[in-house]
Amino acid sequence: MNPELKKKLLIQLRNRFILLVAGIVLISAGWKKSGWPANVMVIGGAILALFAFMAILGLLLTWHEIRKKIKEEETGIIQPDSYINWPPWFNRGAWLVIYMLLFIGISFGSSKHENDFGGVGFLIHSLVAGLLTGFGVFHLLSLYFVSWNDHKNKRIEIGFYIVLVTVFLFVSLGPVVNEYWARSSSECKNYVIESSYRQRRLKEKYIRIRIEDRTERFEPSPAILRRLNPGDSLITLCIKKGALGYKFVYEFRIPEKTKTDPGNR
């Protein structure tokens, strides 16, 4: 590859990576805070991070295509788009179905993580566990399917899909397993709501609750949100410890209001 072109691609890749980190920092800074500035930070950070991530993928794809063309010119051998021999039915639209399933599954799994108690630790652990498990499964299978090692690109391609599937499974099914097989009893306690009534009136599906020295975002059912009144400042969280050891909100309740005895006035 031309050194000047390579330098330009590396500079663009570095700049996009900086934007990705900036977007993640904005999301982290606004995630636990309430009010419109925090919402702007989270939404703006998410848009910035998504744009940067897609730009990085585009640059990497461009880099791959350039290297592919150079190799074809040097060797005179046409390089295949994929080193995996997919069956004909797969090439006729199965990719679209798989991408849709991945998107729905990860979106569903991510939404299930909304009511984890104690921050985003479970989500991060699910991602890391999926990555490590995917690498482990790939290396074990590659010892049996030795044909995967015939070509470096083929090995990378197969490994990528295996890791993608394991990350998808861990993120999507982790909270389901954690909640479904939970055996501990729930502990219910009142917490202070930090979301303003104006935010709730705008039909936002999340509320922010003060947990000790931090603020966390939860997603109660629409029925609970409809029952919250302008003056309500407390909500009851019933918390369980899941089968995987992570706490989650099992139930949201509206605290009962203490009635004043007219005879004591």
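The condition of being in contact with a Leu (Cβ under 8 Å, 6 or more places away or on another chain), of a type in the set (Phe, Trp, Tyr) and at pLDDT below 90 holds for only one of Phe145, Phe117, that being Phe117.
A single entry from Ser111, Ser107, Ser126 fulfils the requirement of being in a helix (DSSP H, G or I), closer than 30 Å to Cys188 by Cα, at pLDDT 75 or above and out of contact with any Lys or Arg (no Cβ under 8 Å at 6 or more places or on another chain): Ser126.
Mind listing whichever residues of segment 141-152 are within 23 Å of Arg67 (Cβ to Cβ) and surrounded by 15 or more Cβ atoms within 10 Å (Cβ to Cβ)?
Trp148
Screening Glu179, Glu187 for residues that are acidic (Asp, Glu) and surrounded by 13 or more Cβ atoms within 10 Å (Cβ to Cβ) leaves exactly one candidate, Glu179.
Residues considered: Phe170, Phe135, Phe160. Of these, the only one that is within 23 Å of the chain's Cα centre (by Cα), outside the structural domain of Phe218 (by TED's automatic domain parsing) and closer than 21 Å to Leu61 by Cβ is Phe160.
The values are calculated or read from the model by the stated rules, or taken from the named source; none is laboratory data. This structure is a prediction, so every number in the text was calculated from the model and none was measured. Don't worry about glycine lacking a Cβ; one is built from the backbone with ideal geometry, like all the others, and counts go over all protein chains shown.
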